[in-house]
Each structure stands twice: as structure tokens, then as C-alpha cells.
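To keep things clear, I will list the structure first and then write my remarks on it.
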Amino acid sequence: ALAAEIILETKGLTKEFKGFVAVNGVDLQVRRGDIHALIGPNGAGKTTFFNLLTKFLPPTRGTITYLGSDITNERPAQTARRGIVRSFQISAVFPHMTVLENVRAALQRNLGTSFHFWKPERSLFHLHERARALLGEVDLSAFADELTVNLPYGRKRALELATTMALEPDLMLLDEPTQGMGHEDVSRVTQLIKKVSAGRTILMVEHNMNVVSSIADRITVLQRGAVIADGPYAEVSRNPQVIEAYMGA
Ligand code: ADP
């Protein structure tokens, strides 16, 4: 069998804040098609690592390679244009637009990021159809004409997922997608991520080990900024250090 393509790779990625090492020499590889979970206790450096990937923060040392190109010193917009898109945490939806309008707005923003002469994708009809299809993908068809502000929390998260998918991400970064959710929403959003992961690559920060165990292909465990375990889920979940810290055994 062919080895899976590595789309994102960090080498020795490090971020120091006034001498405090928040991310410490992280080597990480994300394979195309995987759901890759990044886990670790509070303060482990997960958010900082995401901020380095999206260029929200410059690294102190180390490199980020995407599809063979060194993107370490690229600006955030350039990296976003490559299709590395972060969802959640920074809410991308407008509360006083309807659910459908929000997805259409995201599709329009995406078309606006590159220069074209007329393309059929820009027709209102096409946008509308695309928006409806995306809502279907995240099981929100029945909510299309609701004001976003009125959506239940879990459904809002699903809408954020749809607006992220509208940007046609090559690599989706999900920041604690089930944070603050009740049991029912957690399982719905988990299934949704599983569903939309078909044909996509996802790197997600997730605290809930039930979620990680049910959908992650690979996991990387961070502790005090450094990787303590990394690999296929089945392997890492048997690592005694990881079991002690996360599996409650
Ligand atoms: P996690 O997302 O895993 O909870 P963070 O990446 O948020 O961890 O934080 C890692 C460490 O870096 C924490 O100790 C945090 O206090 C510190 N840190 C994060 N951002 C800054 C900053 N801008 N200045 C100083 N310290 C920071």
C-alpha cells in the first residue's frame, strides 16, 4: 500500500514568551485524510501551537512545511489561501442573519479571495444551491431560515462547521469543537465531524477522550509544550504515560 501523504509537518517548532517555553520543539506530521487529535492538559501549548500554524503568532524557532513548501514565514492570509482554515473559538457567524444567509456569505467571501472574470460558481443560483448542500451536510436543512441567534448551541457549532467548509479547506483546524456542550450535542457534533471528514483532513484540539477515541485516527499528546506520545490512536492509547494522564486507568 502507498504511504499516506504527509500534508503538514512541523520540525522543532518552538514558541517562547519572555523565556517561558509554551511550545517546545514540536515535531508533528499530519497525513491526508486523517482526523488527527491534539490532546494535553490545560497549559500544554495546544492553542499556541494552533496560533503558530495559522500564523497568528510567529515561532521562536522551527519550521512549518505544507505540501513540501516551507510556510514558516508566510503571512496569515497566504497560509489561509493554501487552505489551512481554523474553525471554532473565533466565531465566524453573524447572529442576525439566517442560517442559510451565513453560509452564502461564507461562500461569497471565499469567491472574493481570488480574482476571476465571470465564473458560473458566482451566480446567485449556484451560491444558493451550494449553501443548501452544505447545510444538508451538517444536518441543518430544517434550520435554513432561522435567525442564527436563535439556534441551539450545538447547532451553532454545526453552522460554524458549514461556514468553514464553505472556504473549501484543505486542512481544517478545529479548536475544541465539543467544548461546553451537553451529552447529546457532543455526540451529534462528533458524528458530524466524522461525516464531514470524508475526503478532508482534520487536526483538532479536543479534551473529551470519548470523542477522541471514537473518531481520531492519530493522536499527539502534548505536555508542557512537548510531545510525549504520538501515533495511531490504537497505539498511543496503550501508552502507560498517556493512560495514566488521560484514560483514567
Ligand atoms: P493550552 O491551549 O494547551 O491550554 P496554551 O497554548 O493556551 O495551552 O498555553 C501554553 C502556555 O503558554 C500556558 O502556560 C500559557 O499561560 C502560556 N501562554 C500562552 N500565551 C501566552 C502569551 N501571549 N504570553 C505569555 N504566556 C502565554
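Every read-out reported here was derived from the displayed coordinates using simple, explicitly stated rules and does not represent laboratory data. Every value quoted in this text rests on a predicted model; they were computed, and no experiment measured them. Positions of Cβ are generated from backbone atoms using ideal geometry, with glycine treated the same way; all protein chains shown enter the neighbour counts.
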Pairing a residue in segment 125-137 that is within 20 Å of residue 196 (Cβ to Cβ) with any residue that is in a helix (DSSP H, G or I) and basic (Lys, Arg), where Cβ atoms lie under 8 Å and the two sit 6 or more apart in sequence or on different chains, gives 127/104; 131/104; 137/195
If I go through segment 55-112 residue by residue, how many of them are more than 16 Å from the ligand (Cβ to nearest atom), out of contact with any Gly (no Cβ under 8 Å at 6 or more places or on another chain) and outside any strand (DSSP E or B)?
35
Inspect all residues belonging to segment 148-170 and state whether any of them is closer than 29 Å to residue 77 by Cβ and within 16 Å of the ligand (Cβ to nearest atom).
no
State all residues of segment 27-54 that are assigned to a loop (DSSP other than H, G, I, E, B) and either on the phi > 0 side of the Ramachandran plot or within 16 Å of the ligand (Cβ to nearest atom) (or both); if no residue qualifies, say none.
33, 40, 41, 42, 43, 44, 45, 54
Scan segment 161-217 for residues that are assigned to a helix (DSSP H, G or I), surrounded by fewer than 19 Cβ atoms within 10 Å (Cβ to Cβ) and either within 13 Å of the chain's Cα centre (by Cα) or aromatic (Phe, Trp, Tyr) (or both) and report the count.
1
Might you let me know whether segment 233-242 holds any residue that is touching a strand residue (DSSP E or B) at 6+ places or on another chain (Cβ under 9 Å), under 29 Å from residue 24 (Cβ atoms), in a strand (DSSP E or B) and touching a residue at least 40 places away in the same chain (Cβ under 8 Å)?
no
Mind telling me which of the residues 14, 60 ends up being of a type in the set (Ser, Thr, Tyr) and crowded, with 18+ Cβ neighbours inside 10 Å?
14
Please go through segment 165-185 and give me each residue that is hydrophobic (A, V, I, L, M, F, W, C) and out of contact with any helix residue (DSSP H, G or I) (no Cβ under 8 Å at 6 or more places or on another chain), ordered by number.
171
